[in-house]
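Asks: Have a look at this one.
The values are calculated or read from the model by the stated rules, or taken from the named source; none is laboratory data. Everything numeric in this text was worked out from a predicted model, so none of it was measured. We place every Cβ from the backbone using ideal geometry, glycine too, and count neighbours over all the protein chains shown.
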Amino acid sequence: MITYSGRKCVLSFTKFLSFVIIVMFLVTVLLTFIVLTSENCACVNQQTSFCPNSYPKLKNRKLLSHNLAVLVPFRDRFDELLTFVPYMTNFLNAQGIQYSIFILNQVDNYRFNRASLINVGYLYTMGDYDYIAMHDVDLLPKNTNLSYAYPATQPFHVSAPNLHPRYHYDNFIGGILLVNREQFKLVNGMSNKYWGWGLEDDEFFVRLKDANLNVTRPVNITTGTSNTFRHTHNKTYRKRDTIKCYNQRNVTRRRDRQTGLHDVKYKITNVHKLTLDDYPVTVVNIELKCNRTVTPWCDCSNTTKSSLNKKT
């Protein structure tokens, strides 16, 4: 009888221990469900398909999902910026894109250099973002089927020649181009020789081609050149800087194998995190540096009228 009672006590304790383990498991499952439900509710309240606050800070850590840096080269176009930021915020939120908008504001006295600003924007954001949108401030997508998703294998040209309201040649990749971090680094970014307006995108197209990267474009888009984008540029109010001085015309018609990410010279004077009508945007003030021996056309103000060539 003593042996039997001892065995009975052991069995009772085993059953009790099993019961405790089962209860602890059920409590763990319940708590996990509550946490996940709370995060989902937060997402619904933010009207996004992701929860930014649930991610750890990305700096110096592996990205948990694709993160887009919208790089907008900029100078003296505040009225267009007031339209751009709210519009693009709503457009990208509707697609569930994880992104931030960076206004690359050129504050020096040299001619505007879109390509160098994009190089600086890439270097500034590459630690936290795995792809960029090279985005004109005056071009707004109207067709909601235009995707800003991560371009995993090839660069993606959102504003394709058959959709852009103004430029329709086959090699055109301006306006809005998505490039992932590795692709942009592979081609050494963009040329720093393009002061003034035009041709920097054409040179970048050749860089991509030389690296065996094929630009892809939207398919099954039912809209066309008149109704896919809203082009807010006023050519009467803001005339393009098409002046060519010194030997600029000859140099910028060639593939640039000397300049790029590795030698862009600049200084970030300050960074401002702003809200425009409650829409967040980061303004990066950038002073570009010019090597007048290499690109004297960064400033054409001291050249004589006879040496200027305004033909584009």
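Asks: Test residue 215 against the criterion of being out of contact with any His (no Cβ under 9 Å at 6 or more places or on another chain) and of a type in the set (A, V, I, L, M), and give yes or no.
Replies: For residue 215, the condition - out of contact with any His (no Cβ under 9 Å at 6 or more places or on another chain) and of a type in the set (A, V, I, L, M) - is not met.
Asks: Please work out if residue 139 is crowded, with 18+ Cβ neighbours inside 10 Å and over 18 Å from residue 269 (Cα atoms).
Replies: yes
Asks: Determine whether residue 163 is farther than 18 Å from residue 114 by Cα and either touching a residue at least 40 places away in the same chain (Cβ under 8 Å) or not assigned by TED's automatic domain parsing to the domain that holds residue 82 (or both).
Replies: yes
Asks: Restricting attention to segment 244-263, does a residue exist that is under 28 Å from residue 186 (Cβ atoms), at pLDDT 95 or above and in contact with a Cys (Cβ under 9 Å, 6 or more places away or on another chain)?
Replies: Checked against the condition, which is being under 28 Å from residue 186 (Cβ atoms), at pLDDT 95 or above and in contact with a Cys (Cβ under 9 Å, 6 or more places away or on another chain), segment 244-263 yields no hits at all.
Asks: Check whether at least one residue in segment 146-156 is touching a Gly at 6+ places or on another chain (Cβ under 7 Å) and not in a loop (DSSP other than H, G, I, E, B), and report yes or no.
Replies: There is no residue in segment 146-156 that is touching a Gly at 6+ places or on another chain (Cβ under 7 Å) and not in a loop (DSSP other than H, G, I, E, B).
Asks: Restricting to segment 266-302, and then to whatever is β-branched (Val, Ile, Thr) and without any contact (Cβ under 8 Å) to a residue 60 or more places away in the chain, can you tell me which residue is nearest to residue 123 (Cα to Cα)?
Replies: My answer is 271.
Asks: Same structure again: Can you tell me which residue among 212, 188, 220 is surrounded by fewer than 20 Cβ atoms within 10 Å (Cβ to Cβ), closer than 30 Å to residue 154 by Cα and in contact with a helix residue (DSSP H, G or I) (Cβ under 7 Å, 6 or more places away or on another chain)?
Replies: It is 188.
Asks: For the condition touching an Asp or Glu at 6+ places or on another chain (Cβ under 6 Å), part of a loop (DSSP other than H, G, I, E, B), in the same structural domain as residue 109 (by TED's automatic domain parsing) and of a type outside the set (Phe, Trp, Tyr), what is the one hit in 226, 191?
Replies: That would be 191, the only listed residue that is touching an Asp or Glu at 6+ places or on another chain (Cβ under 6 Å), part of a loop (DSSP other than H, G, I, E, B), in the same structural domain as residue 109 (by TED's automatic domain parsing) and of a type outside the set (Phe, Trp, Tyr).
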